[in-house]
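To start, the structure under review is shown below, and the notes come after it.
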Amino acid sequence: MVNPLKKDDPAESLPQEYRDILTRMGIILHEVDYLVPQGGGYTGADARFVDSWGKLRRLVLIDSDMLVRKNMDDLFDVPLEEGWIAAAHAYGFPDQDFLSSHFKNRVKFLGYEYNALKPMRKCHSAIWRDENIRNVHYIFKDKPWVLPEDTEKLDEQFHVIHGWWWWDEWKRLEAEKKEEQWWELVVDLTSLGSKGMPS
């Protein structure tokens, strides 16, 4: 695990008690320096991406609004040429734009199952297979952790992806958290979403 927080700055450091929990779980923490793109840093709303990049041999970038459904360790073994990345097809947002610019013409594209956008289940039903989805991406504003379970506000096409994927997983984790220490590190995104957090 990479800790992008500055250890010497109390306001930005990961508290020692959390480091201890992660270490007991067998997670190795590596301190990394910020890696700022050439031509300047991030401004405005994009400033939240300042700690997104570190000097690693290989990493798998997963947005915070994704749910990993199946093991994706095989991504660490995808053969790549020096300086290349394996990526889902481009979408126009700050983090993807940076990757597209930096790795232009050096991308090996992955199948949709690694970045299954939730609307694809309906609009591309001819190719979508639930059993093949490794990682579902909850794009758009109706995030399952913001909307109550079985909400009337949710478009019917998303009931499966929100229901037996997100909420079933949430219930499994809630049962597990009674026994596991790492839950002390988990933020209740349901309450954050209702306070106007970015979606």
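Summary of values
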read-out	value
Order of Val136, Val107 - criterion: other Cβ atoms within 10 Å of each residue's Cβ, fewest first	Val107, Val136
Pair Ser125, Leu59: separation of 7 Å Cα→Cβ label points (nm)	3.9
Sorted by Cβ neighbour density within 10 Å, fewest at the top, the residues Arg69, Arg24	Arg24, Arg69
Sorted by Cβ neighbour density within 10 Å, fewest at the top, the residues Glu169, Glu81	Glu81, Glu169
Net charge of neighbours whose Cβ lies under 15 Å from the Cβ of Arg106, counting Lys and Arg as +1 and Asp and Glu as -1	+1
Pairs beyond 25 Å (Cα-Cα), from Lys108/Lys171; Lys70/Lys122; Lys70/Lys177; Lys118/Lys177; Lys104/Lys141	Lys108/Lys171; Lys118/Lys177; Lys104/Lys141
Simple spin-label estimate for Lys171 and Glu82 in nanometres, 7 Å along Cα-Cβ	5.3
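Every number here is computed from the coordinates shown, using simple stated rules; none is lab data. No experiment lies behind these values; they were computed from the predicted model shown. When we count neighbours, we look across all protein chains shown, and the Cβ atoms used for this are built from the backbone with ideal geometry, even at glycine.
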